[in-house]
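One structure is given here, and the rest of the page talks about it.
The values are calculated or read from the model by the stated rules, or taken from the named source; none is laboratory data. All figures in this text were calculated on a predicted structure; none of them were measured in a lab. Cβ atoms come from the backbone with ideal geometry, glycine included; neighbour counts cover every protein chain shown.
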Amino acid sequence: MRRIAKILTWIGIAAWFVVILGFVSAESEEVLCNRIEVVISDTLESRFITESNIRNMFQSAGLELQGYPISEINIRELEAMLEEHDHIREAEVNTDITGRMEVQIEQRVPLVRIMPRGSRGYYLDTEGHTMPLSDQFTPHIMLLSGYLSDRASEEGKLQEIHSFCSHVSEHPLWSDQIVQIYRNSKGEFELIPRVGAHQILFGSMDGWEKKLRNLEMLYEQGLPLYGWNTYGVINLKYTNQVICTKR
């Protein structure tokens, strides 16, 4: 009898859950979207996207979400639409049974601004993707300028530039010291430092890791001894040597 009683109890509990779930499901289908909350990450560092931008995107797409049944809103389509924006890395949309919709936005993070001669240029982000400039926000990041082709022509070289700039931005010395990269008419790179009135001839990007290590040794052991303004040119074109020319 006890066994039968336990079985009947569990059947009753299961039936209760089915009824409750059915009630919640039916109730949620009747819930209308009554408010939209937009949460944007990293707003202290990047302001490419604002809450009004997100709401304008919904309006431009003809999406009158507030007052619409939550159950009939296609969350995945909303996320896909938002992620088509050039400055949005990822979008996540969630709803609850109170009628609240939360839109979480993760912005793309620019690594370097690439500015060919005669052009405003574009950004290369931390993941190696290109992204356009913004009229509402300009980040303070490294600049690569000079004799550069258009975005499509530089596609094969962007991976190399991305690797170099990622290393520089994460390095405790170079992230503060190297503020600009210039590419001359010969296709050779020059580094423009924040401290020190010297020109750094870098040459090609071949062996850039070794070249930066050589420069770091010069900064740590040579310039403090001989003076930061002693040399006018520091030549790193040749991987295994550093040639310094006095003023």
Q. Quick one: Thr239 ticks every box in (1) part of a loop (DSSP other than H, G, I, E, B); (2) over 30 Å from Glu127 (Cβ atoms); (3) β-branched (Val, Ile, Thr) bar one, so which box is it?
A. (2)
Q. When you go through (1) at pLDDT 95 or above; (2) surrounded by 16 or more Cβ atoms within 10 Å (Cβ to Cβ); (3) of a type in the set (Gly, Ala, Ser); (4) within 27 Å of Pro224 (Cα to Cα) one by one for Ser145, which number turns out not to apply?
A. (4)
Q. When you go through (1) in contact with a Ser or Thr (Cβ under 9 Å, 6 or more places away or on another chain); (2) within 25 Å of Pro110 (Cβ to Cβ); (3) not in a helix (DSSP H, G or I) one by one for Cys244, which number turns out not to apply?
A. (2)
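Being surrounded by 13 or more Cβ atoms within 10 Å (Cβ to Cβ) and charged (D, E, K, R), is that true of even one residue in region 114-126?
Here is the first cut: in region 114-126, the ones surrounded by 13 or more Cβ atoms within 10 Å (Cβ to Cβ) are 114-116, 121-126.
Adding the requirement that they be charged (D, E, K, R) leaves 125.
The answer is yes; a qualifying residue exists.
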**Q.** Output for region 75-103, where each listed residue is surrounded by fewer than 17 Cβ atoms within 10 Å (Cβ to Cβ), in contact (Cβ under 8 Å) with a residue 40 or more places away in the chain and either among the aliphatic types (A, V, I, L, M) or not assigned by TED's automatic domain parsing to the domain that holds Ile49 (or both)
**A.** Ile97
Q. When you go through (1) of a type outside the set (Gly, Ala, Ser); (2) in contact (Cβ under 8 Å) with a residue 40 or more places away in the chain; (3) within 30 Å of Leu158 (Cα to Cα); (4) in contact with a Leu (Cβ under 8 Å, 6 or more places away or on another chain) one by one for Arg120, which number turns out not to apply?
A. (2)
(Q) Exactly one of these conditions fails for Ser52: (1) loosely packed, with under 15 Cβ neighbours inside 10 Å; (2) in contact with a strand residue (DSSP E or B) (Cβ under 6 Å, 6 or more places away or on another chain). Give me its number. (A) (2)
Q. Tyr238 versus (1) surrounded by fewer than 16 Cβ atoms within 10 Å (Cβ to Cβ); (2) under 24 Å from Phe48 (Cβ atoms); (3) over 18 Å from the mean Cα position of the chain (by Cα): which is the lone unmet condition?
A. (2)
(Q) Quick check on region 217-228. Is at least one of its residues touching a residue at least 24 places away in the same chain (Cβ under 8 Å) and under 29 Å from Pro116 (Cβ atoms)? (A) no
Q) What number goes with the only condition from (1) at pLDDT below 95; (2) closer than 28 Å to Ser134 by Cα that Val39 does not pass? A) (1)
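Please find, among Gln136, Gln159, the residue that is modelled with pLDDT under 95, part of a helix (DSSP H, G or I) and either crowded, with 16+ Cβ neighbours inside 10 Å or of a type in the set (S, T, N, Q) (or both). Even if it seems obvious, please write down each step before you answer.
Working: Gln136 fails: part of a helix (DSSP H, G or I).
Exactly one residue qualifies, and that residue is Gln159.
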